[in-house]
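Below is one structure, written out as structure tokens; the observations come after it.
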DNA sequence: CTGAAAGCGCTTACAG
DNA sequence: CTGAAAGCGCTTACAG
């Protein structure tokens, strides 16, 4: 906004400033061997100073195989959830910044990814997911988002986030705190559930789980489930730790329809901090843009055959009106 | 799948086959002047034969301004709806086929689009939407999806689709058919509502509208609304024409919870034919991939300053178990 | 009307 | 470790 878009500096400009050849700059930038550490450092610094952005076009032209990154969406239309849309959004931006081009693949189209893309980002992984093996057999470098595992991966601190939310409710004096989750046996839920259990253990309280069957509409399903529960026992809980903001919204609506005040009689927390959806909701914020950027960074490492690693992205408790 | 990906023919290959220079091929392909009609025809024929695909990378490299297309999402987190995700998916693929690169812009980030992209696709337009004016003032060619209007646009046959669904219920012998919509006063709803009214008029029945307030979770909101209505008057309707599959899902659940059989006592239709969500649901199918492809085609026309046009994409009634 | 050549920004053998 | 040069596919002055 403030600064001129300016003809973004290219490799030649960096070479000029560093007083070296463009070949050296290219090597430094791409982490290729055959260059001294000192020179690499100097070049990297300069490229940062001039806010160098590689030209996707040029890279693609050379590689023939365009710098196309296939973004493989999750099974069971998990991908049709708000959280993922935000992720897509940031992923397209983060990839473009690095001169890469995104193409989306519905889960059942992922078999065609290797022939159209040179790298992949896997979303919504599940148990026995065939995609990692597929990528390996086609030698497609990939990063997965959401779960730690073999190879490169990025995930928010699920466990810690739920731990923070639960402990927050304990500190607020809540004693009957239930955990509301969607398919609690899934590996993904396991982490969040773990954080809940830990906080309750520390407080010496009993855990109580509300396991919503996997569903396309968590808010509606959560609403119905909680409504039935409250009909039988209106005072069952004074705190609800929800696995997602959507689930929290469903619970909030059910509480309202049953005349229970929030946070007076029941406190509620969510997870994700989605725009609009999390308005007024105490929740755990994920840095979705950060996750996207980190994924792309790791993808670069994967393409450079560096040793795999998992990165855990920090989360943050955001206290609003529901607790 | 069947044919080898094969190194796609390039401009040089076409020149070789035609026995001319690559400059002539380029001119022919791009409709540039300075080439005889006869030669142009010959070259065009050959390029068709070899299924020539221009290299986006090379073109971008030259134009400097990359073929970056900003996809601007709608207001109020409309974009967080399943339908749009499918659209994004097909849009990324369609753009890539034409050598263009997608970047997503959240609605409130659209102001930054002109400096980052050379063209735009606008989704989820609303009344007094400032985006078209913004694009014009920055001379960014654009296409909008979802509503006819000035300039280029693509939309499914909303009106006709709902007309088909409503007439279908009439033919099935339904007499008390209500229309369930989300924010019925919006321009988008107007079209669908029009199709409903037309079919009822033809049958000589009374229209009845169920207007769900605009909401982040249509399924839940529709569920609650219908539940209350059914508590007062269980036999109020024998047919429900829903504006979207999501709304239909909410209604179906409400009917189930009230012990009403579908389609025995009440028939239900949706709109969109979303995967999983529309399973077993009688609905109106949109050709989302077709809409995406057409948008990209029109974008090409917009960039070439051709006269603006609106394209209406056909829809199709899909009869399943709920009617 | 047609062609030979330069050049877009980058990577990568090939020399040194 | 470092550099000069070729080349990815295309467009566009510049000559003819």
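The values are calculated or read from the model by the stated rules, or taken from the named source; none is laboratory data. Treat the numbers as computed from the prediction; the structure is a model and nothing was measured. Note: ideal-geometry Cβ built from the backbone for every residue, glycine included; neighbour counts use all protein chains shown.
Tabulated values for the structure
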{"read-out": "Identity of the residue in region A:274-287, at pLDDT 95 or above and surrounded by fewer than 22 Cβ atoms within 10 Å (Cβ to Cβ), that ends up nearest to residue A:322 (Cα to Cα)", "value": "A:280"}
{"read-out": "Residue check, residue B:53 surrounded by fewer than 21 Cβ atoms within 10 Å (Cβ to Cβ), part of a helix (DSSP H, G or I) and either modelled with pLDDT under 90 or assigned by TED's automatic domain parsing to the domain that holds residue B:112 (or both)", "value": "no"}
{"read-out": "Scan of region A:174-222 for residues that are within 14 Å of another protein chain (Cβ to nearest Cβ), in contact with a strand residue (DSSP E or B) (Cβ under 9 Å, 6 or more places away or on another chain) and over 20 Å from residue A:286 (Cβ atoms), ordered by number", "value": "A:212, A:213, A:214, A:215, A:221"}
{"read-out": "Entirely in region B:184-259, the helices (runs of 4 or more DSSP H) that have 2 or more residues that are in the same structural domain as residue B:165 (by TED's automatic domain parsing) and under 27 Å from residue A:247 (Cα atoms)", "value": "B:218-232, B:245-257"}
{"read-out": "Conditions (1) within 11 Å of DNA strand C (Cβ to nearest atom); (2) assigned to a loop (DSSP other than H, G, I, E, B); (3) more than 26 Å from residue A:291 (Cα to Cα); (4) at pLDDT below 85; number of the one not met by residue A:6", "value": "(1)"}
{"read-out": "Residue check, residue A:12 modelled with pLDDT under 85 and within 13 Å of DNA strand C (Cβ to nearest atom)", "value": "no"}
{"read-out": "In region A:56-67, residue nearest to residue A:12 (Cα to Cα) [restricted to those that are in contact (Cβ under 8 Å) with a residue 12 or more places away in the chain and loosely packed, with under 13 Cβ neighbours inside 10 Å]", "value": "A:63"}
{"read-out": "Sole residue being at the interface with chain A (Cβ under 8 Å from one of its Cβ atoms) and farther than 22 Å from residue B:310 by Cβ, chosen from B:106, B:111", "value": "B:106"}
{"read-out": "Hits in region B:156-186 (condition: closer than 20 Å to residue B:289 by Cβ and surrounded by fewer than 21 Cβ atoms within 10 Å (Cβ to Cβ))", "value": "B:157, B:160"}
{"read-out": "Residues of region B:17-50 that turn out to be under 25 Å from residue A:61 (Cα atoms), within 11 Å of DNA strand C (Cβ to nearest atom) and either touching a residue at least 60 places away in the same chain (Cβ under 8 Å) or surrounded by 13 or more Cβ atoms within 10 Å (Cβ to Cβ) (or both), as a count", "value": "10"}
{"read-out": "Meets criteria (over 20 Å from the mean Cα position of the chain (by Cα) and not assigned by TED's automatic domain parsing to the domain that holds residue A:210) for residue A:136", "value": "yes"}
{"read-out": "Any hit, region A:57-70, residues being away from DNA strand C (no atom under 16 Å from the Cβ), at pLDDT below 90 and within 14 Å of chain B (Cβ to nearest Cβ)", "value": "no"}
{"read-out": "Conditions (1) in the same structural domain as residue A:168 (by TED's automatic domain parsing); (2) under 20 Å from the mean Cα position of the chain (by Cα); (3) touching a residue at least 40 places away in the same chain (Cβ under 8 Å): number failed by residue A:301", "value": "(1)"}
{"read-out": "Filter pass, residue A:91 being under 23 Å from residue B:53 (Cβ atoms) and either surrounded by 22 or more Cβ atoms within 10 Å (Cβ to Cβ) or under 21 Å from the mean Cα position of the chain (by Cα) (or both)", "value": "no"}
{"read-out": "Residue within region B:77-85 that is more than 9 Å from chain A (Cβ to nearest Cβ) and at pLDDT below 80 present", "value": "yes"}
{"read-out": "Tally of residues being part of a helix (DSSP H, G or I) and away from every other protein chain (no Cβ under 14 Å) across region A:260-292", "value": "2"}
{"read-out": "Qualifying residue in region A:239-258 (condition: out of contact with any helix residue (DSSP H, G or I) (no Cβ under 6 Å at 6 or more places or on another chain) and more than 14 Å from chain B (Cβ to nearest Cβ))", "value": "no"}
